[in-house]
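Structure record follows, encoded as structure tokens.
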Amino acid sequence: MGVCDEMLKKDIAPSCDDPVVPGYEQEGVIMNRDEVDFALTTFNATQKNVIETLAMKSGKKGYKVVVPGKTPYTGSKTSLATGTYRNTFTNALQIVVLDHGPEVCSDIIDGLANGSYVVILENKYKALQKESNPGNAAFQVYGYYQGLTATTLENDKYSEDTEGGWLVNLEETKCPKSALFYFKTDYDTTKQALETLVTTPDE
């Protein structure tokens, strides 16, 4: 038995009433990690991989990230990374920026090149049929522990996927948990809280 809680705690079986489905919704939130107020973060008392409160520092806000199409954020995945003494996880997110110009390059691409980010994406599978905490699988958090940083920023003028825009790959390594979720009370309450992250106090 390990020092930390590393034991299996539940039967491994699919849910017949609320089967898992693949994919993400089109709209998410991206935040400069330095502007997240970690001191105000609170986790669920029993589920340590569920964040109940997430806030930005005074005067700061997150930004919406929208990838259209039937399969947004294609290529995003979480993978096991084996270590010498402890295994961790690597989160890889792929974003397409379907735009290109002075403002896009200076306000988005140049920042992504060297910054560190926290991203919240909405899964298509939300676990809304669960008896306890329905909807707690909807919003998944990436970059909270180590920050997401750019591994690829590519502008291919002839790419049929980006249509002359940008392909962005972000990666978080050494993440101690396989997944981190954002959930407070219920799905609608969490959705409203997410909206406050992209709104500054004077808006």
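The values are calculated or read from the model by the stated rules, or taken from the named source; none is laboratory data. Because the structure is a prediction, the values reported are computed rather than measured. Glycine gets a Cβ as well: all are built from the backbone with ideal geometry, and neighbour counts include every protein chain shown.
Points worth noting:
- Checking region 119-127 against the condition returns a match, with at least one residue being buried (at least 18 other Cβ atoms within 10 Å of the Cβ), in a loop (DSSP other than H, G, I, E, B), at pLDDT 95 or above and of a type outside the set (Phe, Trp, Tyr).
- Filtering 69, 135, 75 for residues that are surrounded by 19 or more Cβ atoms within 10 Å (Cβ to Cβ) and at positive phi leaves a single hit, 135.
- Within region 117-130, residues that are among the small types (Gly, Ala, Ser) have Cβ atoms under 8 Å from residues that are in a loop (DSSP other than H, G, I, E, B) and modelled with pLDDT of 95 or more in these pairs: 127/136; 127/137; 127/138, counting only partners at least 6 apart in sequence or on another chain.
- Of all residues in region 138-149 being assigned to a strand (DSSP E or B) and hydroxyl-bearing (Ser, Thr, Tyr), the one that is nearest to residue 51 (Cα to Cα): 142
- Checked against the criteria, residue 147 counts as within 25 Å of residue 98 (Cα to Cα), in contact with a Ser or Thr (Cβ under 6 Å, 6 or more places away or on another chain) and buried (at least 18 other Cβ atoms within 10 Å of the Cβ).
- Some residue of region 11-32 being touching a helix residue (DSSP H, G or I) at 6+ places or on another chain (Cβ under 7 Å) and of a type in the set (Gly, Ala, Ser): no
Rundown of residues vs (1) β-branched (Val, Ile, Thr); (2) under 18 Å from residue 35 (Cβ atoms); (3) touching a Leu at 6+ places or on another chain (Cβ under 9 Å), yes/no style:
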residue: 51; (1), (2), (3): yes, yes, yes
residue: 56; (1), (2), (3): no, yes, yes
residue: 68; (1), (2), (3): no, no, yes
residue: 75; (1), (2), (3): no, no, yes
residue: 81; (1), (2), (3): no, no, no
residue: 90; (1), (2), (3): yes, no, yes
residue: 101; (1), (2), (3): no, no, no
residue: 116; (1), (2), (3): no, yes, yes
residue: 125; (1), (2), (3): no, no, no
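- The set of residues from region 150-203 being acidic (Asp, Glu), in a loop (DSSP other than H, G, I, E, B) and exposed (fewer than 13 other Cβ atoms within 10 Å of the Cβ) comprises 160, 161, 202, 203.
- Scanning region 57-77 finds one or more residues that are in a loop (DSSP other than H, G, I, E, B), modelled with pLDDT of 95 or more, of a type in the set (A, V, I, L, M, F, W, C) and within 19 Å of residue 197 (Cα to Cα).
- Residue count for region 87-110 under the criterion of being surrounded by 13 or more Cβ atoms within 10 Å (Cβ to Cβ) and either of a type outside the set (Val, Ile, Thr) or at pLDDT below 95 (or both): the result is 9.
- Residue within region 44-58 that is surrounded by 11 or more Cβ atoms within 10 Å (Cβ to Cβ) and among the small types (Gly, Ala, Ser) present: yes
- Whenever a residue of region 179-191 is over 14 Å from residue 137 (Cβ atoms) and free of Cβ contacts under 8 Å to residues at least 12 places away in the same chain, its partners that are acidic (Asp, Glu) and in a strand (DSSP E or B), lying with C-beta atoms within less than 9 angstrom and at least six residues away or across chains, give the pairs 185/52.
- Just one of the listed residues (135, 111) is part of a loop (DSSP other than H, G, I, E, B) and small (Gly, Ala, Ser), namely 135.
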